[in-house]
1. So, residue 117, is that one surrounded by 15 or more Cβ atoms within 10 Å (Cβ to Cβ), of a type in the set (Gly, Ala, Ser) and in a helix (DSSP H, G or I) or not?
2. For residue 65, work out the one condition from (1) exposed (fewer than 13 other Cβ atoms within 10 Å of the Cβ); (2) under 30 Å from residue 122 (Cα atoms); (3) not assigned by TED's automatic domain parsing to the domain that holds residue 137 it doesn't fulfil.
3. Got at least one residue in the stretch 28-37 being touching a Leu at 6+ places or on another chain (Cβ under 8 Å), in the same structural domain as residue 9 (by TED's automatic domain parsing) and either within 21 Å of residue 10 (Cβ to Cβ) or surrounded by 13 or more Cβ atoms within 10 Å (Cβ to Cβ) (or both)?
Amino acid sequence: MADRSLVSVVIPALDEAAAIGDVVGLRTTAPWREVLVVDVGSSDRTAELAQGAGARVVGRSKIRLSRDGATFLLIVLKIATLFSPLRVFLPIGLVSALLGALYGVWNVVAHGRIPNGAVVLILLAALVFFVGLVSEQVASLRFERRSER
């Protein structure tokens, strides 16, 4: 487990004035490096009370899908692949394999041949799966190395 004096606690908050002081006050239960309260545009005294309780308050803007959607999706995917890459790669590979197989079977029944598109989807599935396996191994090696320290 990570040294708590190196860990920052991040608390998202929107109009949480009634509870934020008590939540940030829990900082005394462990020697966290810092407590960050991400205030996303509260209309009450959330930021002021969090700062008074010892937290560092950041942010005052909301995430907008049109502007921040792609970046947010990439961040979520990066976090997911950091801890368990196969949770991302395996479903993508399975969907690709299923689509390729269904497309190929449909074309064999309807036209008597296997189309190139079906073959490409099945090869994509295999490639995505193998990349996921390699990523999973790299992630496990990374965590093994950290646990040895």
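The values are calculated or read from the model by the stated rules, or taken from the named source; none is laboratory data. Keep in mind that what you see is a predicted model, and the values were worked out from it rather than measured. Positions of Cβ are backbone-derived with ideal geometry, glycine not excepted, and every protein chain shown enters the neighbour counts.
1. In short, no.
2. Against the list (1) exposed (fewer than 13 other Cβ atoms within 10 Å of the Cβ); (2) under 30 Å from residue 122 (Cα atoms); (3) not assigned by TED's automatic domain parsing to the domain that holds residue 137, residue 65 comes up short only on (2).
3. Checking the stretch 28-37: at least one residue is touching a Leu at 6+ places or on another chain (Cβ under 8 Å), in the same structural domain as residue 9 (by TED's automatic domain parsing) and either within 21 Å of residue 10 (Cβ to Cβ) or surrounded by 13 or more Cβ atoms within 10 Å (Cβ to Cβ) (or both).
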